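Notes follow the structure.
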Amino acid sequence: MGCSQRRKMRVFQRSVFTVSYRRVVFQVFFVVVVVAAAMVNGDLSDTRFLLTSNDTGGQRHSEDYCAMYDICGARSDGKVLNCPVGSPAVKPDELLSAKIQSLCPTITGNVCCTEAQFNTLRTQVQQAIPFLVGCPACLRNFLNLFCELTCSPNQSQFINVTSIAKVGNNLTVDGIEFYITDTFGEGMFESCKDVKFGTMNTRAIEFIGAGAKNFREWYAFIGRRAGLGVPGSPYAINFLPSAPESSGMIPMNVSTYSCGDTSLGCSCGDCPSSAVCSNSALPPPPKKGSCSVRIGSLKAKCVEVAVTILYIILVSVFLGWGFFHRKRNRSPASRTKPLVNVPNGGIIRRANSQKDENIPMQMLEDVPQITNGVQLSIVQGYMSKFYRRYGTWVARNPILVLCSSVGIVLVLCLGPGSRAAKEKQFFDSHLAPFYRIEQLIIATIPDTVHGKAPSIVTDSNINLLFDIQKKVDAIRANYSGSMISLTDICMKPLGNDCATQSVLQYFKMDQHKGHRGCFQHYTSADTCASAFKAPLDPSTALGGFSGNNYTEASAFIVTYPVNNEIDEEGNGTKRAVAWEKAFIQLAKEELLPMVQSRNLTLAFSSESSVEEELKRESTADAITILISYLVMFAYISLTLGDAPRFSSYYISSKVLLGLSGVVLVMLSVLGSVGFFSAIGVKSTLIIMEVIPFLVLAVGVDNMCILVHAVKRQQVELPIEGRISNALVEVGPSITLASLAEVLAFAVGSFIPMPACRVFSMFAALAVLLDFLLQVTAFVALIVFDFLRAEDNRIDCFPCIKVSGSNAELEKGSHQQKLGLLARYMKEIHAPILNLWGVKLLVVCAFSAFALASIALCPRIEPGLEQQIVLPRDSYLQGYFNNLTEYLRIGPPLYFVVQNYNFSSESRQTNQLCSISQCDSNSLLNEIARASLVPESSYIAKPAASWLDDFLVWLSPEAFGCCRKFTNGSYCPPDDQPPCCSSSSGSCGLSSVCKDCTTCFRHSELQNDRPSTEQFREKLPWFLSALPSADCAKGGNGAYTSSVELKGYEDGIIRASAFRTYHTPLNKQIDYVNSMRAARDFSSKMSESLKIDVFPYAVFYMFFEQYLNIWKTALINLAIAIGAVFVVCLVITCSNNSTRFGDDRGGSFGIMAILNIQLNALSVVNLVMSVGIAVEFCVHITHAFLVSSGDRNQRMKEALTTMGASVFSGITLTKLVGVLVLCFSRTEVFVVYYFKMYLSLVLLGFLHGLVFLPVILSMFGPPSRCVLIEKQDDRPSTSSQF
């Protein structure tokens, strides 16, 4: 995953802002209806008294009698007040009776309300109906409660006015007792508790009952007395289940409807308990933790216990075999060596007989007619012949080889998308790109004693926030000569005001307006609506609180949504980036000191912050990386020379040769980058940081092997002979290792993970070019360097020649003397490993480590923490920590439906919607059902559905929504212009809209569904309709970008989205699991409904790689190791030569111990480690194959010959370079390039130079070194050691 993309993981901060697009007045239902019946918000007098008797003679609480009748006044806010007058019920006229019947079918005959009271009730119910019309049973029960309260002819039997107040010269109701049975309350609550409120992605009970858990809590919320200007009841309503027997009162007990009632049935999303929905099982519960076993006080995972048992068994068997084998080998019979003839067709490579024991891979014979040779495979035989001829030719034509090879590489130097990326492109192009985020988090400092942070909601802190807002509003950024302000780039969903998410919205962004009471009543009308005319959920602007205790919040969260563009190079994006830079500068220079002076903390970020910080990071550690490479270069230049002797070191050293070899390594990397750049494949940060290390490891190893091989040749031979013999000796193993690595990386280029695929492509070509340069240009450079030394010319200054014979004498003596590392390998390292007890210990220890690594693998988590990829001093470090600590909402999740067929002939409408008459297993019903188990689904809320709201908006029951003038054009609700004059403030019945009628009658709809033409005609009306108190279901703002209207005329909507939210995601694994759960859910729904559905969240494109990261890693390693096996098998015709790579499992163990996550960086490092393993193991194995003697002697010979070259060429080279990286300022270099590289190199060293030699000495293949007896000048094979 590219680090620059890491910034997108902050999507959980986007929270519920999208909800705020909707200007929903959200009058709390009980408030609007009770106001219609009896509630008031006027100024009460101090005159109160209890009504205990009936003015008219003892019939106060009886049938057909009223406790309240008519309107006796109004408060200052215009809300009417009922009269506390006990009077007989009144028979209404036919028109009023018909109106009452249409709204309150349970009330017949006489009534206890006037036409004015009923009109008030109807007006307020008009606001409530759109929220509940999707569940007719709930709506009917809810209406019955307030119809009985307002107009029931038997009102006095269950309503008792307990106090009155005087308003003006009239008495008004101030308090009542409402006797109502628990049966009704339970039935109403059960029918409404699960009804969704889609626009706010929650359930209606959160608004109409403050999240009540039962009907008693709901009653308590309805009956609570509210202060002036605060939504709620203006007087106390005391709900009681039973009346005193002496009162003669009877609790109200109108029949309730179950939400599963067939006549008034609700959808499964609104009524999961319905019998129709019983067949739709809930999603499976979250999986329990992994299997574990408790042994006393120790608790271990089952896999760990199983691995431990397996290890005990294997070690017991191995030790038993070891002691038996040791005892058998001590018997004389076991020491007999049979003579084996050379198979027909075998190729014999003759070796020169020499008596010097320090010259490897040669047989010492007392019989002059017996010589030694190596039985090679057919491929190796041809390779040996080629290298013998090629070596002679290179030694004779070094200039031609050097110029041609380097020239070809210099020419090169000039020189598919994921599912999530495709889904993002579809979402951005068909709907709208997700907006940019600029954010401030201001928090209090926790108490040092109790560790609890104090509340930040104080007047002084709110004033501070206003001061900060003024500075942000004053930002002017220069872009192409024009000054850019926040208002130029911010989102304005419902007008000219920015949709800033801040607690200041409760004050309408004005210090002289609003109040903190809106935290609990943010869904009310004008008093708490934001400046951009939409409600603001406190959970988006406050942090660090529990439940709904907003006043206990310890952090202000200020979010500035900014318009985004698909084209990242467009002017809109550049304008936004310019403002963001000015915003960050302001935060650093002015806001941070301002906040800290108040003993608060400030964290801040912009959309471009991560990208800018990563650019700073690339320069911050440039010096560290440069020093690391310089140290490696210096070591390489020194290690190729002879043992330092002051008298001749200036000639015998090979600094210039080492530097030239390093240049060749860099040319191979540049050649790979240049070639792929020429064909349009871009390099990445991983490539530029990892591949040089890999190619250096491979290239330096080959350089050491070649130089040391030439040094081992006889001084008496001409340079052509020495070069030829050296290439014959080590050429096949170098070729074997390089081809194995190239094939391993080349096959890895077919892996779907982009980072690994591109890395494998670049690495394969770089290693191939490096190999070709090694056997061409570097061999030519070796020729030049040895000719320089023989001609007594100074290293690094070959033009200067010194006189004297000391250098020549020392040169001759040095040819026969082993170097320090070679002597260590021969005299110390190999003898220790030959001890039988050491062998058993090594095998047991490495086996234990391998099995322990397997057991630890489940502890490795996928992901890449954003804090790791940023500099340690980055301001984003604290920002990401604050996000996890304070945010209470997850990232937005969209379920995108492609090619929705809304025609009458299609069933897809009912397959998608979640209101009445929708399919029980519809998409939206299933989303609502999944939100009931957020632990496994990671879906926090039901989805906001434009389709549900559109169908409700069309419904004749929602008579304040879809309306038309007599000419057929759209008529807005009565509280919107032109029906309501904003200048006069009057929103009564206007003459302009008095003739407006609902768009459709029931008879014009087909099973409450619009026809194709009706759908096509009214959908644009809905999407342009502004929400208001009279109709909160208008789609403007909330769903403007949720539906693509392009081409919908043919009955197909190409793209539409249903918004919900993930649960809070705090860890990397949470992001991965949430994406996996959403995709699994979408796949199931697509298969079930036969509709194309996919999930989309901003972070999906960056976390997609982790869905199958384990599979990708294992396949990468398996392919790489398999490719190496095939190459080794073809070239050597022996599967025993492929015994390497055992340390790959150990790498996983190290990752678990060091808590290194599995991501693109670590997978690339693991794949790279295969190349290092090849270098560590193949040369040792090949040297073992062509050595003579028993296994112990051959192991010693292999370590003496190749061990020193491998140790100095890879281990020490990488160690000196990697150790410098521990001083890096960025954690990503410390974790993935210091700790992980260091562990890979050490594991490679231990396996290649400790474990592998022990295994070869115990179970190695037979030697390919044979004796050739000369008879009549014709060679024949006589015996084999």
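Any read-out appearing in this document is the output of simple, stated calculations on the displayed coordinates, not a laboratory observation. The structure presented is a predicted model; accordingly, all values stated were derived computationally and were not measured. Ideal geometry is used to build each Cβ from the backbone, glycine not excepted, and the neighbour counts take in all protein chains shown.
Just check segment 1148-1187 against the gyration tensor rule for me: Cα atoms, a ≥ b ≥ c as the square roots of the eigenvalues, rounded for a/c under 1.5, and otherwise prolate or oblate depending on whether a/b exceeds b/c. Verdict is prolate for segment 1148-1187. Electrostatic bookkeeping for P454 treats Lys and Arg as +1 and Asp and Glu as -1; over the other residues with beta carbon under 13 Å from its beta carbon, the sum is 0. The distance between label points at N1066 and E1017 comes to 5.5 nm (points 7 Å beyond Cα on the Cα→Cβ vector). Contact order, relative form, for segment 1032-1116: 19 percent (alpha carbon pairs under 8 Å, 6 or more residues apart, mean separation divided by residue count).
Rounded to the nearest 0.05, the FRET efficiency derived from the C-beta distance between S485 and K588 at R0 = 25 Å is 0.80. Legend: calculated FRET efficiency, Q596 to N548, from the Cβ-Cβ distance at R0 = 30 Å, rounded to 0.05, equals 0.50.
A simple packing score, the average count of other Cβ atoms within 10 Å per residue, orders the peptides 1148-1159, 1167-1178 as 1167-1178, 1148-1159, with the highest score first.
Between segment 423-446 and segment 927-973, the C-alpha centres lie 25 angstrom from each other. Just the C-alpha atoms of segment 548-633: what Rg/Rh do they give, with Rh taken as the Kirkwood radius? Rounded to two decimals, Rg/Rh equals 1.14. Apply the a/c threshold of 1.5 to the C-alpha gyration tensor of segment 866-1017 and tell me whether it is rounded, prolate or oblate. Here segment 866-1017 falls in the oblate category.
Rounded to the nearest 0.05, the FRET efficiency derived from the C-beta distance between K1084 and S247 at R0 = 51 Å is 0.30. Taking label points 7 Å from Cα along the Cα-to-Cβ direction, L1129 and T448 give a separation of 6.9 nm. When the pairs K91/K166; K452/K533; K533/K615; K941/K1067 are compared against a 32 Å limit on Cα-Cα distance, K452/K533; K533/K615 fall above it.
The Cβ shell under 11 Å around E1104 holds other residues with a net charge of +4, Lys and Arg each +1, Asp and Glu each -1.
When the pairs K711/K1196; K654/K1214; K574/K682 are compared against a 21 Å limit on Cα-Cα distance, K574/K682 fall above it.
Each part reduced to its alpha carbon centroid, segment 1005-1068 and segment 147-221 end up 32 Å apart. For segment 1003-1063, the percent of C-alpha pairs falling in each 10 Å distance bin, counted from 0 to the bin holding the largest distance, reads 19, 43, 32, 5, 0. Computed extension length for I794-I566: 75.9 nm, one decimal, from 0.36 nm per residue of separation with the Cα-Cα distance subtracted. Other residues with beta-carbon under 13 Å from the beta-carbon of F118 carry, at +1 per Lys or Arg and -1 per Asp or Glu, a net charge of -1. The packing ranking, built from the mean of other Cβ atoms within 10 Å per residue, places the peptides 544-553, 882-891 in the order 882-891, 544-553, highest first. Taking each residue as 0.36 nm, the span from Q714 to S903 lengthens on full extension beyond its C-alpha to C-alpha distance by 59.0 nm.
Seen through its C-alpha gyration tensor, with square-root eigenvalues sorted a ≥ b ≥ c, segment 1106-1256 comes out oblate because a/c lies at 1.5 or above while a/b is not bigger than b/c.
Percent of Cα pairs in segment 1039-1114 per distance bin of 10 Å, from zero to the largest separation: 16, 38, 31, 12, 3.
Extension gain for V838-K994 works out to 46.1 nm (0.36 nm per residue, less the C-alpha to C-alpha distance).
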